[in-house]
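One structure is given below, encoded as structure tokens.
The values are calculated or read from the model by the stated rules, or taken from the named source; none is laboratory data. Nothing here was measured: the structure is a model prediction, and the numbers come from that model. We place every Cβ from the backbone using ideal geometry, glycine too, and count neighbours over all the protein chains shown. The protein model used for the area step is the full one, side chains on, heavy atoms only, and it has no ligands, DNA or RNA in it. Shrake-Rupley method; radii C 1.70, N 1.55, O 1.52, S 1.80 Å.
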Amino acid sequence: MQTTANLLQKGQKAIIISFNLDTIPLKLIEMGCMEGHLIELVQTAPLGDPLYLNINGTHLAIRKEMASDIVVEIIEN
């Protein structure tokens, strides 16, 4: 099932499929956020933003708005 990273549930894992952006922000590329990499929602801040993600072994906190541009395929357990 395809969705965006901002809609993942805590502990849910997915594979990055694509980005809804013309250019991927340099911050994401530097932190290893690339197509085909594993992404997991580790924690959500108390007010729901930012999101704390584990992307291919790198922990990254990003705004929910930016996460909505990351298209993922959820891995069924």
Counting Lys and Arg as +1 and Asp and Glu as -1, what is the net charge of the other residues whose Cβ lies under 12 Å from the Cβ of residue 16?
-3
Given the chain, report the % of alpha carbon pairs whose separation exceeds 21 Å.
14 percent
Accessible carbon and sulfur surface of the chain relative to its total accessible area, %, 1.4 Å
53 percent
Under a 1.4 Å probe, what is the accessible area of the chain per residue, stated in Å²?
60 Å²
